[in-house]
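Below is one structure, written out as structure tokens; the observations come after it.
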Amino acid sequence: MEKVKVCLIGCGRAGMIHARNYAGKVKNAELTALCDPFEASLKAAAEEISVPYVYTDYREAIKNPEIDAVVVVTPTGLHREIVIAAAEAGKHVFCEKPMADSEEECEEMIEACRKNHVKLQLGFMRRFDKSFRRGKELLDAGAAGAPTFIRSNTYGPSEPKEWMYDVRRSYGPIGEVNSHDFDTIRWYAGSEVKKIRAVGHNFRSPEKAAEYPEYYDTCGVLMEFENGVIGMISGAQYVQYGYDSRTEILGTDGIIKVGTQHANSVEVVAKDQVCTTDSIVSWRTLFTDAYTAEANAFADCIVNDTEPEVTGHDGKMALRMVHAGLQSILEGREIEL
Ligand SMILES: NC(=O)c1ccc[n+]([C@@H]2O[C@H](COP(=O)([O-])OP(=O)(O)OC[C@H]3O[C@@H](n4cnc5c(N)ncnc54)[C@H](O)[C@@H]3O)[C@@H](O)[C@H]2O)c1
């Protein structure tokens, strides 16, 4: 195979990040088709990036023998159906996180890809971010000794959309913002989670409290892994100052700190002694290069016939942690897994 011919399914916010990468920044792949049932989204995408094929129905797209792989970036509730259909049509699959709505669905998706001998890579792009990767390399090289306590925070600025206030649908920030922290901590811990206790509270949208009493915008999650490592997540959505993602691995011999809120290393100290720096405002800017590296890794694993670095199992385990975290908040107790 010369270049992997990719069809993007779902041309929304995250989909267009992938489209722009596959349209020129991925050595072993090219964007061949766009698919979205909403004409306006499809038209806007096709006007920005010209491709040989456009589809409003993914079932038509996956019949095209020229297409080798699909990148599924639809609302999460559709991932299972599309991934299984694509696998059965012999297409390699990249699927955005969260993988699906339940672990059973994840298993069906993994099985469909296995049975049809196609790759399945999940969209945890932090694993391809330079800093997060370097953190892992250093940890594995023993730079801080063995991991003991891993703390990861992500605070996001987006104002929740109406459906997100219903945490039974959105999972709240644990699902919307912090599913990446679960994956990162599990990756660094090198183990599976055993127990989770989480708490959450709504601080920034009190006007929604009567209609959505379960809604929380801020949460703390404490976890114990099978190998004894302790994990902790602090999460929040609709923070007012920018996008803030940092992780710290305390080891037996040292500490590894990953990430910063600073957009660059420029600092201004003015005559009133106030010190300012540019700060990160969005995940789109913080992880621009990570998305490109993630797309390159997907194409490479197809061309070289190797295992994807982030698998369906990783997607399933992250989902398990998100579900247990929300259950712990709602039931006010520790969840054993
Ligand atoms: N990795 C990340 O950090 C990250 C960031 C944002 C979103 N996501 C995930 O990506 C997915 C999409 O999120 P989004 O924010 O881009 O949503 P979005 O609503 O902006 O985009 C979804 C798109 O899918 C299209 N769509 C709906 N039904 C379809 C179908 N049957 N076939 C093809 N297209 C269909 C919609 O028209 C829309 O254009 C979600 O699973 C989300 O959790 C991941």
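The values are calculated or read from the model by the stated rules, or taken from the named source; none is laboratory data. Predicted model only: the values in this text are computed from it and were never measured. No Cβ is skipped: glycine too gets one built from the backbone with ideal geometry, and neighbour counts run over all protein chains shown. These accessible areas exclude ligands, DNA and RNA; they are computed on the full protein's heavy atoms, side chains included. Shrake-Rupley method; radii C 1.70, N 1.55, O 1.52, S 1.80 Å.
The residues in the range 234-251 that are open to solvent by 10 Å² or more (accessible area, probe 1.4 Å), farther than 19 Å from Ile185 by Cβ and either touching an Asp or Glu at 6+ places or on another chain (Cβ under 8 Å) or of a type outside the set (Val, Ile, Thr) (or both) can be counted, and the count is 3.
Looking only at the range 147-168, decide whether some residue is open to solvent by 10 Å² or more (accessible area, probe 1.4 Å), polar (S, T, N, Q) and touching a strand residue (DSSP E or B) at 6+ places or on another chain (Cβ under 9 Å). There is at least one residue in the range 147-168 that is open to solvent by 10 Å² or more (accessible area, probe 1.4 Å), polar (S, T, N, Q) and touching a strand residue (DSSP E or B) at 6+ places or on another chain (Cβ under 9 Å).
For the range 259-273, does any single residue satisfy the condition of being acidic (Asp, Glu) and closer than 30 Å to Val93 by Cα? No, the range 259-273 has no match at all.
Restricting attention to the range 116-145, the residues that are of a type in the set (A, V, I, L, M), under 24 Å from Arg320 (Cβ atoms) and open to solvent by 10 Å² or more (accessible area, probe 1.4 Å) add up to 3.
Given the residues Arg169, Arg186, Arg204, which is the only one that is modelled with pLDDT of 95 or more, part of a helix (DSSP H, G or I) and over 15 Å from Asn153 (Cβ atoms)? Exactly one of Arg169, Arg186, Arg204 is modelled with pLDDT of 95 or more, part of a helix (DSSP H, G or I) and over 15 Å from Asn153 (Cβ atoms), namely Arg186.
Evaluation of Val258 against the conditions (1) over 28 Å from Ala141 (Cβ atoms); (2) outside the structural domain of Arg114 (by TED's automatic domain parsing); (3) surrounded by 21 or more Cβ atoms within 10 Å (Cβ to Cβ) shows that the sole unmet condition is (1). For the range 169-215, a residue qualifies if it is among the aliphatic types (A, V, I, L, M) and in contact (Cβ under 8 Å) with a residue 40 or more places away in the chain, and the qualifying residues are Ile174, Val177, Ile185, Ala189, Val193, Ile196, Ala198, Val199. Output the qualifying pairs, or none if there are none: Cβ atoms under 7 angstrom, residues six or more apart or on different chains, first residue in the range 69-80 and touching a residue at least 40 places away in the same chain (Cβ under 8 Å), second residue near the ligand (Cβ under 7 Å from one of its atoms) and assigned to a strand (DSSP E or B). Every condition considered, the pairs that remain are Val70/Ile9; Val71/Ile9; Val72/Ile9; Val73/Ile9; Thr74/Ile9.
Please go through the range 207-237 and give me each residue that is aliphatic (A, V, I, L, M) and not in a loop (DSSP other than H, G, I, E, B), ordered by number.
Within the range 207-237, Val221, Leu222, Met223, Ile230, Met232, Ile233, Ala236 qualify.
Would the range 16-28 turn up any residue that is modelled with pLDDT under 95 and touching a helix residue (DSSP H, G or I) at 6+ places or on another chain (Cβ under 7 Å)? Within the range 16-28 (the criterion being modelled with pLDDT under 95 and touching a helix residue (DSSP H, G or I) at 6+ places or on another chain (Cβ under 7 Å)), the answer is no, since none of the residues qualifies.
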